Amino acid sequence: GEQVEQRPPHLSVREGDSAIIICTYTDSATAYFSWYKQEAGAGLQLLMSVLSNVDRKEEQGLTVLLNKKDKRLSLNLTAAHPGDSAVYFCAVNNMGYKLTFGTGTSLLVDP
Amino acid sequence: ETAVFQTPNYHVTQVGNEVSFNCKQTLGHDTMYWYKQDSKKLLKIMFSYNNKQLIVNETVPRRFSPQSSDKAHLNLRIKSVEPEDSAVYLCASSPRTGGADEQYFGPGTRLTVL
């Protein structure tokens, strides 16, 4: 089955710096890619999703890059602020019935 | 307010007891899910229902059973809890079944088994 690795597990940046999180997946049939944010004590909030025909998507300070050749997905927070401190998950789907989640990245943004 | 609601927020119980968690979505979605999130934040899908029909049933112990009365409700019962069941249980819903499907999550129910 699909295997998703996410790194780094922990990331600490200063306010205004960029933060990059990377996921690699194994199934070449993977066609749907998404990023979620989980704040302390809360559920997951969808940040952005892309289909496999998209290489790059930008929205509100977030950039998602998809490299299908290397089976790599990344999330870039271009100017992080303390409110971005949370756990981030990638999630992928081969258009089947279930998402496979990455292992999570705990991001801390220092003011 | 349209969202995914879960009750209770927290539950503490002893080994061998039965617990039930409730989930309701007011988003008008067709599909609902239960996930288990362990102490390391790892997420694993447990069950998925589409219009009251079970469509995903991962390898979970038989003491776990989902219950769906209609497409807006998906409850989870654990018949005889074990210490390894301590986790956060997250409910989610999505408009369709599978594919490029955005999932919306509830706040979770944290279970502690003593």
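The values are calculated or read from the model by the stated rules, or taken from the named source; none is laboratory data. Just so you know, these numbers come straight off a predicted model, no measurement behind them. Cβ placement follows ideal geometry from the backbone for every residue including glycine, while neighbour counts extend to all protein chains displayed. Only protein heavy atoms, including side chains, enter the accessible area calculation; ligands, DNA and RNA are left aside. Shrake-Rupley method; radii C 1.70, N 1.55, O 1.52, S 1.80 Å.
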Once the whole set of protein chains is in place, how much accessible area is left on B:S86, using a 1.4 Å probe, in Å² to the nearest 10?
40 Å²
Take B:S94, A:S49 and sort them by solvent-accessible surface of the protein heavy atoms, 1.4 Å probe, largest at the top.
A:S49, B:S94
Return the average number of partner chain Cβ atoms within 10 angstrom of each residue Cβ along peptide A:39-52.
4
How far apart, in nm, are the 7 Å Cα→Cβ label points at B:L42 and A:S74?
2.7 nm
At what distance in nm do the modelled label points of B:S86 and A:S28 sit from each other, each positioned 7 Å from its Cα along Cα→Cβ?
4.5 nm
To the nearest 10 square angstrom, what accessible area does A:S28 show with a 1.4 Å probe?
100 Å²
Quote the accessible area belonging to B:R63 in square angstrom, nearest 10, computed with a 1.4 Å probe and with ligands, DNA and RNA left uncounted.
50 Å²
In nm, the gap between the two label points placed 7 Å beyond Cα toward Cβ at B:R77 and B:R63 is 1.5 nm
Straight-line reach from A:K69: which lysines fall under 22 Å, measuring Cα to Cα and dropping same-chain residues less than 8 apart?
A:K57
Would you work out which of B:C23, B:A3, B:F47 lies farthest towards the positive end of the dipole of chain B, given +1 charges on the beta-carbon of Lys and Arg and -1 on that of Asp and Glu, about the Cα centre?
B:F47
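Could you calculate the FRET efficiency of A:E5 with B:D70 from 1/(1 + (r/R0)^6), where r is the beta carbon distance between them and R0 is 45 Å, rounded to 0.05? Present the calculation step by step, with values, prior to reporting the outcome.
On the way: r = 38 Å, r/R0 = 0.85.
E between A:E5 and B:D70, to the nearest 0.05, is 0.75.
Going through the cross-link list A:K37/B:K44; B:K36/B:K79; A:K98/B:K36; B:K52/B:K79; A:K37/B:K40; A:K98/B:K44, which pairs have a Cα-Cα distance over 18 Å in this structure? Display every interim value, and only then the final one.
On the way: A:K37/B:K44 16 Å; B:K36/B:K79 16 Å; A:K98/B:K36 14 Å; B:K52/B:K79 21 Å; A:K37/B:K40 16 Å; A:K98/B:K44 10 Å.
With Cα atoms farther than 18 Å apart: B:K52/B:K79.
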Compare A:F33, B:F105 by solvent-accessible area with a 1.4 Å probe and give them largest first, with all protein chains kept in place.
B:F105, A:F33
Using heavy-atom solvent-accessible surface (probe 1.4 Å) with all chains present, what is the largest-first order of B:F64, B:F5?
B:F5, B:F64
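With charges set only on the Cβ (+1 for Lys and Arg, -1 for Asp and Glu), what does the dipole of chain A come to about its Cα centre, in debye to the nearest 20?
Using only the charged Cβ atoms, the result is roughly 340 debye.
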